[in-house]
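Inspection log for the structure reproduced underneath, given as structure tokens.
The values are calculated or read from the model by the stated rules, or taken from the named source; none is laboratory data. Only a predicted model underlies this, so the values are computations on that prediction, with no experimental measurement involved. Note that we place each Cβ from the backbone using ideal geometry, even for glycine, and neighbour counts take in every protein chain shown.
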Amino acid sequence: MASRIPLPYSPKVLELFRNPKNLGRMENATASATAGSLACGDMIAIYLKINKDDIVEKASFESYGCAANIAAASVLTEMIKGKPLKEAWKITWRQISDELGGLPAIKYHCGILAVGALRRAIRAYYKKKGRRPEWLPEHLTAEERQALEEEELMEKLAKMRKKL
């Protein structure tokens, strides 16, 4: 049986859930990516407007999920605005959690999803440019792999459902 005990969200998580910053699709995005979790049903889409010097001028998001998911994506977009992509890449889910005043352990994955979507967007940007800077890892990070594994699982389930 599921627990009905409310999660101990920080005031900042609750504020960003009620009033998210940078919410919405960005039509003229330079790069975008999504990350989702089949386990909990959360999904984050990140949109970036990147200038010629590889600095994030604007960031927005769409979120389908819980309060922690929305707050993590919102705070991430604030954290990366004005930063070079190299700095944005280094942001961790723990930094997102700290910026939010902490996340319950059961909600750490929301920060991981936000970072996964950001890193996938950065990687997509450089792939489109046809270059990979030396600081960008050649292989996928744990957050990127998690997002990819979730997507592959969703595709398999969709195919199985069609067969039924």
Query raised in the report: Going by the structure shown, is E138 free of Cβ contacts under 8 Å to residues at least 12 places away in the same chain and not in a helix (DSSP H, G or I)?
Result: yes
**Report entry** Residue that is farthest from S97 (Cα to Cα), among those in region 110-127 that are among the charged types (D, E, K, R) and touching a helix residue (DSSP H, G or I) at 6+ places or on another chain (Cβ under 9 Å)
**Finding:** R123
Query raised in the report: Out of all the residues in region 16-33, which are touching a residue at least 40 places away in the same chain (Cβ under 8 Å) and closer than 15 Å to I70 by Cβ?
Result: L16, F17, P20, K21, N22, L23
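If you go through region 85-111 one residue at a time, how many are of a type in the set (A, V, I, L, M, F, W, C), modelled with pLDDT under 95, within 13 Å of the chain's Cα centre (by Cα) and surrounded by fewer than 23 Cβ atoms within 10 Å (Cβ to Cβ)? Give the derivation first.
Pass one, region 85-111, residues of a type in the set (A, V, I, L, M, F, W, C): 85, 88-89, 91, 93, 96, 100, 103, 105-106, 110.
If we keep only those that are modelled with pLDDT under 95 as well, we get 93, 103, 105-106, 110.
Now drop any that are not within 13 Å of the chain's Cα centre (by Cα), which leaves 93, 110.
If we keep only those that are surrounded by fewer than 23 Cβ atoms within 10 Å (Cβ to Cβ) too, we end up with 93.
Here the count works out to 1.
Among the hydrophobic types (A, V, I, L, M, F, W, C), in a loop (DSSP other than H, G, I, E, B) and touching a residue at least 24 places away in the same chain (Cβ under 8 Å) - does that describe any residue in region 42-60?
Taking every residue of region 42-60 in turn, none turns out to be among the hydrophobic types (A, V, I, L, M, F, W, C), in a loop (DSSP other than H, G, I, E, B) and touching a residue at least 24 places away in the same chain (Cβ under 8 Å).
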Query raised in the report: Among the residues of region 74-114, which ones are of a type in the set (F, W, Y) and in contact (Cβ under 8 Å) with a residue 40 or more places away in the chain?
Result: W89, W93
Report task. Output the number of residues of region 61-104 satisfying the condition of being aromatic (F, W, Y) and either on the phi > 0 side of the Ramachandran plot or in a helix (DSSP H, G or I) (or both). Result -> 2
Report summary line: Expected single match for touching a residue at least 40 places away in the same chain (Cβ under 8 Å), surrounded by 22 or more Cβ atoms within 10 Å (Cβ to Cβ), in contact with a Lys or Arg (Cβ under 8 Å, 6 or more places away or on another chain) and more than 22 Å from S10 (Cα to Cα) among A117, A147, A71 is A147
